[in-house]
Amino acid sequence: MRKPPRLTASLTAIRTAVYVLLFLNCFGQKALAQHPISPILVSRVIAPGMVVSDMDRAIAFYSQALSFEKVSDVEVFGDDYEHLEGLFGIRMRVVRLRLGEESIELKEFLTPQGRPMPMDSRSDDRWFQHIAIIVSDMDRAYEILRLNYARHASTGPQTLPAYIKGAGGIRAFYFRDPEGHFLEILQFPPDKGDPKWHRPSDKIFLGVDHTAIVVGDTEASLKFYKDTLGMRIAGESENYGPEQEHLNNVFGARLRITSLRAAGGPGVELLEYLAPRTGRPMLEDSQVNDLWAWETNIVTTDIDAAAQTLRFQKYSFISSGLVTLPESGLGFHRGFLVRDPDGHIVEIIGP
């Protein structure tokens, strides 16, 4: 008996779909084998970096007000650095400062110069990033900052209440450096923080615990920092209330906070504003020489695999690709810059 035309067409469509699925299963698995998506082997976070317009003024502030010490000061230029930074005609002065066991990196673009920090920047805008500097005595640290004309971002030091799980008892204060970058001083209570922050010390400013970034979607950021880069979640908290509002200087602030750690170095803290949802996204035309262009610097044990994985997952590269540098004093030989889902710059370096 002859099959109806409609039934014949349906059977043909089913056979075609089966063949397509078999093809995708065979060759798709082969493609995935060629482009692994297992987490990148990140060994540590190092030297969060920021762009400054006046290096000597910045060094004076960080050394006099915050007790950082200069450990290197180099000037670089040439094709390799243009490919690394994704910007033509650059000449950079790069200074590394150390506080305790941690470092930060300051970059001044002698050419081309970038744009200043937007005057109306707020701590819920998604170009926000800061470093958290641990202090042994919050009252004394605040006094020192006042004497050095640090600009308030918080209304004053805040003690987070006990009802905030995981953060109760922490004292913190946001302020700005002369360039307008947000910074934080933070004092842990005895039951919180890395044990090293509780060692007896005659110093007020101890080191850098983490760098914090504002994100639009924690889950999207975790796919980048945890699933792709291989960092682990070290803590989670939901912060709200008048103390948090005054700390961030954002009325009605309610934040989902996720702390991430690599095997070593400072952490990376994701700040998602559950309320208000008025923070502005990263400026689309942001360049590496703009003063809001912070960097989170990460070391990997397999730089080739890192570049391949991030390309395969279609993250936005700033660098032209994996760049090999001459001996320059920057502390690494091979690396590249890539943007996370919110546009924050991550510099990945390796052997």
Working only within the stretch 189-212, note down all residues that are within 17 Å of residue 235 (Cα to Cα) and among the polar types (S, T, N, Q). 211
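Being more than 23 Å from residue 59 (Cβ to Cβ), touching an Asp or Glu at 6+ places or on another chain (Cβ under 8 Å) and either buried (at least 18 other Cβ atoms within 10 Å of the Cβ) or of a type in the set (Val, Ile, Thr) (or both) narrows it down to one residue among 96, 126; which is it? Break it down into steps so the answer makes sense when it comes.
Values: 96 fails: more than 23 Å from residue 59 (Cβ to Cβ).
Step by step, each of 96, 126 is checked, and only 126 is more than 23 Å from residue 59 (Cβ to Cβ), touching an Asp or Glu at 6+ places or on another chain (Cβ under 8 Å) and either buried (at least 18 other Cβ atoms within 10 Å of the Cβ) or of a type in the set (Val, Ile, Thr) (or both).
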Within the stretch 102-124, identify whether any single residue is hydroxyl-bearing (Ser, Thr, Tyr) and under 30 Å from residue 275 (Cα atoms), and answer yes or no. yes
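Would you be able to say whether some residue in the stretch 221-232 is of a type outside the set (Val, Ile, Thr), in contact with a Gly (Cβ under 8 Å, 6 or more places away or on another chain) and crowded, with 16+ Cβ neighbours inside 10 Å? Show your work before the answer.
Narrowing the stretch 221-232 to residues of a type outside the set (Val, Ile, Thr): 221-227, 229-232.
Imposing the further condition that a residue be in contact with a Gly (Cβ under 8 Å, 6 or more places away or on another chain) reduces the set to none.
No, there is no match, as no residue in the stretch 221-232 is of a type outside the set (Val, Ile, Thr), in contact with a Gly (Cβ under 8 Å, 6 or more places away or on another chain) and crowded, with 16+ Cβ neighbours inside 10 Å.
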Six or more apart or on different chains, Cβ atoms under 6 Å: show the pairs whose first residue is in the stretch 58-79 and free of Cβ contacts under 8 Å to residues at least 40 places away in the same chain and whose second is surrounded by 13 or more Cβ atoms within 10 Å (Cβ to Cβ) and among the β-branched types (Val, Ile, Thr). 73/95
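Residue-wise test of (1) in a helix (DSSP H, G or I); (2) more than 30 Å from residue 175 (Cβ to Cβ).
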| site | (1), (2) |
| --- | --- |
| 56 | yes, no |
| 62 | yes, no |
| 66 | no, no |
| 75 | no, no |
| 81 | yes, yes |
| 87 | no, no |
| 93 | no, no |
| 97 | no, no |
Exactly one of 44, 126, 57, 96 is within 21 Å of residue 316 (Cα to Cα) and either more than 22 Å from the chain's Cα centre (by Cα) or of a type in the set (Lys, Arg) (or both), and that one is 126
Given the conditions (1) free of Cβ contacts under 8 Å to residues at least 60 places away in the same chain; (2) closer than 17 Å to residue 125 by Cα; (3) assigned to a loop (DSSP other than H, G, I, E, B), every one holds for residue 314 apart from (2)
Number of the condition not met by residue 337 [criteria: (1) more than 15 Å from the chain's Cα centre (by Cα); (2) touching a residue at least 60 places away in the same chain (Cβ under 8 Å)]: (1)
With the requirement that a residue be surrounded by fewer than 16 Cβ atoms within 10 Å (Cβ to Cβ) and modelled with pLDDT of 95 or more, what does the stretch 316-336 give you? 316, 320, 321, 324
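Of a type in the set (D, E, K, R) and surrounded by fewer than 20 Cβ atoms within 10 Å (Cβ to Cβ) - does that describe any residue in the stretch 158-165?
Taking every residue of the stretch 158-165 in turn, at least one turns out to be of a type in the set (D, E, K, R) and surrounded by fewer than 20 Cβ atoms within 10 Å (Cβ to Cβ).
The values are calculated or read from the model by the stated rules, or taken from the named source; none is laboratory data. Keep in mind the model is a prediction, meaning the values are calculated, not measured. Glycine also receives a Cβ, built like all others from the backbone with ideal geometry; neighbour counts cover every protein chain displayed.
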